[in-house]
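*Asks:* I am attaching a structure below and will ask some questions about it afterwards.
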Ligand code: SF4
Ligand SMILES: [Zn+2]
Ligand SMILES: [Zn+2]
């Protein structure tokens, strides 16, 4: 099964596989001499990948295989050099969604055996898990399955609704792909963070600066947008976060419950926390989902009252707060009076 | 409990810990565990740590606790406050509470006792003597209770072994010392699971939230042929097989079974699944399994709700908690029993008693005192 060779087409779809690195060596690319028109095209491509992901889209191109593989690796370097957490995160997610798209497509067209060998390989490479197959199903150890699947809230993913036998959970390929999308994203994110860069070639450095300009505008815009709508206590926490400071637990609780109450999604709320110095995607997501009542206790937490916020030292009252007893009422009264 | 009663209980606990240090089972990886104990005057001492068995026994001989606990979790700093302990992993644990099984025998040995004046009543009501509303349920354990508990135990073990792949030698079973059984699982892979994964396992053994969709039955399914290819065979793995064996005798009955399900509709089938699961699932307390920071009663120590020991159960069928866990002396003492139904300890039956002075072996006297039914 594992004697199937990965061609450049596979690597262009799944450039995070270890084999892509080797491929790069064979092509004899070295960063030191990353100049010249052909290299310029690759760098452009890398920037395209990044911008597509930041806009929340999936980069679909698969024309020039070598360029696709190398541009992924260059994009990692650029994102690392940018050093903006939200960009790293969005980029990782974008690449994971790209891989998911190809996996789903391949599942329909490729031979079963080939497909399974690709999935097996991704697990081995990315998560050091050996998955085996039996009767067209993938077998996961119960503990490996649980560590991943409990992050989905759908009942369908609960152990009781899976096929479980002798310590293994049996999944079809569709479910296997879904199970690993988040993992791929985290894997790429990790790869970006842990990267060690020596001197960057001038051609890439220029691009990094250029991108920074574009991206920062993006982020700034969002921040400006943020400042106008929220009560002073919430606004203050957002400011702390945007300065990469660490708000206390009570403040995080206020922010998350406030945002949940006004209908923000967990994704949006997690994104608010990503600039915190101790940000950990999984933990934050877990906590926010817990507050939303999706996890564990299933009790929904409500936004604390102004009195509570005040006693936690998180209140930054202005005259606009007059007459309200809960931050959620901020702005509402005024609208009614007008 | 009056002072003389308390003294008797304390004295017999002390004697037990002196005579039977070998009963106390030291947990593995002792230096990574947090220990805690209850004192006879009520206070709970937590965040203790011991390096070895000797240190541990010495401590308990000195303090004579009413109940002893240790963390199912392994910590880097077991004595630190909760946030600083640093969690390394935890044994997977299960608790079967016989009282929760709603058995018919309960009416023969269940009573309510007034917290205020200790008046014993046959049913839950305001105290007839002092009008206090604070009444507490008390139950003695009978042979039927034990059989029912063992039944749950067997169901649970089947799920753990056949489905979750846990080996026999990784499972340790205990009578809790009062009305239940405890299971400790020692398995390095399961040790690292977070509370959600543990909740998922608890739901699995209980059979909570089985979806009709897992049987190919969707909200909009109407045709037998759409469902039948996804409907389980009777020898399928896990819950699919278990449920299908309840629904039909053999695979030949599949078309008929599916037809019936579709006719009744999605929601009816969901209710049917819940009913079957309630019957064939294991009845455990999911809160215990989920909680990775729980301190759990220590093996081989006494339970102050009964004076019985948390005793190892090596062979379920022959294990008799009312004998194996009954470890106090049989020296006779005179006690006043307010009320007690007939009960068994060791090979002897006692009672029923109603407001009378009786001579009882210490183990039986302490049992009734701990239950709140007698005083010296
Ligand atoms: S008064 Fe209420 S809304 Fe205004 S800042 Fe204080 S806590 Fe926030
Ligand atoms: Zn009373
Ligand atoms: Zn009974």
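Since every read-out is calculated from the coordinates, none of them should be taken as a lab result. For clarity, every value in this text was computed on a predicted model and none was experimentally measured. Positions of Cβ are generated from backbone atoms using ideal geometry, with glycine treated the same way; all protein chains shown enter the neighbour counts.
*Asks:* Over the range B:266-376, one equal point on each Cα, no solvent: what is log10 I(q)/I(0) by the Debye formula at q = 0.15, 0.18 Å⁻¹?
*Replies:* -0.80, -0.95
*Asks:* Using Cβ contacts closer than 10 Å as the measure, can you line up B:181, A:34 from fewest to most?
*Replies:* Final ranking by Cβ density, sparse to dense: A:34, B:181.
*Asks:* Highest mean first, how do B:216-223, A:206-213, A:90-97 rank when packing is the count of other Cβ atoms within 10 Å averaged over residues?
*Replies:* The most tightly packed comes first, giving A:90-97, A:206-213, B:216-223.
*Asks:* To the nearest 10 degrees, how steep is helix B:254-264 against the longest Cα principal axis of chain B, on a 0 to 90 scale?
*Replies:* 80
*Asks:* Something else: Where does the Debye-calculated log10 I(q)/I(0) of the range B:176-322 sit at q = 0.09, 0.19 Å⁻¹, using only Cα point scatterers of equal weight, no solvent?
*Replies:* -0.43, -1.11
*Asks:* Between the range A:155-197 and the range B:287-321, how many Å separate their Cα centres?
*Replies:* 37
*Asks:* Taking the mean number of other Cβ atoms within 10 Å as a proxy for protection, how do you rank B:10-21, B:239-250 from highest to lowest?
*Replies:* B:239-250, B:10-21
*Asks:* Another question, then. Based only on Cα atoms, what mean projected area does the convex hull of the range B:172-225 have, in nm²?
*Replies:* Quarter of the Cα hull surface area: 6.7 nm².
*Asks:* Find how many whole Å separate the alpha carbon centroid of the range A:95-142 from the alpha carbon centroid of the range B:153-222.
*Replies:* Between the Cα centres of the range B:153-222 and the range A:95-142 lies a distance of 28 Å.
*Asks:* Moving on to the next point. Return an integer: the convex hull volume of the alpha-carbon atoms of the range B:127-213, in Å³ per residue.
*Replies:* Hull volume over Cα atoms, normalised by residue count, gives 199 Å³.
*Asks:* How shielded is B:193-201 by partner chains, expressed as the average number of their Cβ atoms within 10 Å of its Cβ atoms?
*Replies:* For peptide B:193-201, the averaged partner shielding equals 6.
*Asks:* Evaluate 2.2 N^0.38 Å with N set to the residue count of the range B:212-280, then give the Cα radius of gyration divided by it.
*Replies:* Normalised Cα radius of gyration, the range B:212-280: 0.99.
*Asks:* Which whole number gives the average count of other chain Cβ atoms within 10 Å of the Cβ atoms across peptide B:152-162?
*Replies:* The mean count of partner-chain Cβ atoms within 10 Å per residue comes to 1.
*Asks:* Can you give the Rg to Rh ratio of chain B, both from alpha-carbon atoms, with Rh computed by the Kirkwood formula?
*Replies:* 1.04
*Asks:* Using Cβ contacts closer than 10 Å as the measure, can you line up A:203, A:311 from fewest to most?
*Replies:* Listing A:203, A:311 from fewest to most nearby Cβ atoms yields A:311, A:203.
*Asks:* To continue, here is another question. Please give the calculated 222 nm ellipticity per residue for chain B, where each DSSP H segment of at least 4 residues contributes -39500 (n - 2.57) and the sum is spread over every residue; nearest 500 deg cm²/dmol?
*Replies:* After summing the helix terms and dividing by the residues of chain B, the value is -9500 deg cm²/dmol.
*Asks:* Okay, next question. What is the mean number of Cβ atoms from other protein chains located within 10 Å of the Cβ atom of each residue in peptide A:139-147, rounded to a whole number?
*Replies:* Partner-chain Cβ atoms within 10 Å, mean over residues of A:139-147: 5.
*Asks:* What whole-number volume per residue, in cubic angstrom, does the convex hull of the C-alpha atoms of the range A:8-216 give?
*Replies:* 125
*Asks:* Report the Cα-based extents of the range B:128-171 along its three principal axes, largest first, to the nearest Å.
*Replies:* 55, 21, 15
*Asks:* OK, next. Taking only the alpha carbons of the protein assembly as shown, what extent do you get along each of the three principal axes, in Å, biggest first?
*Replies:* Extents along the principal axes, in whole Å: 104, 74, 60.
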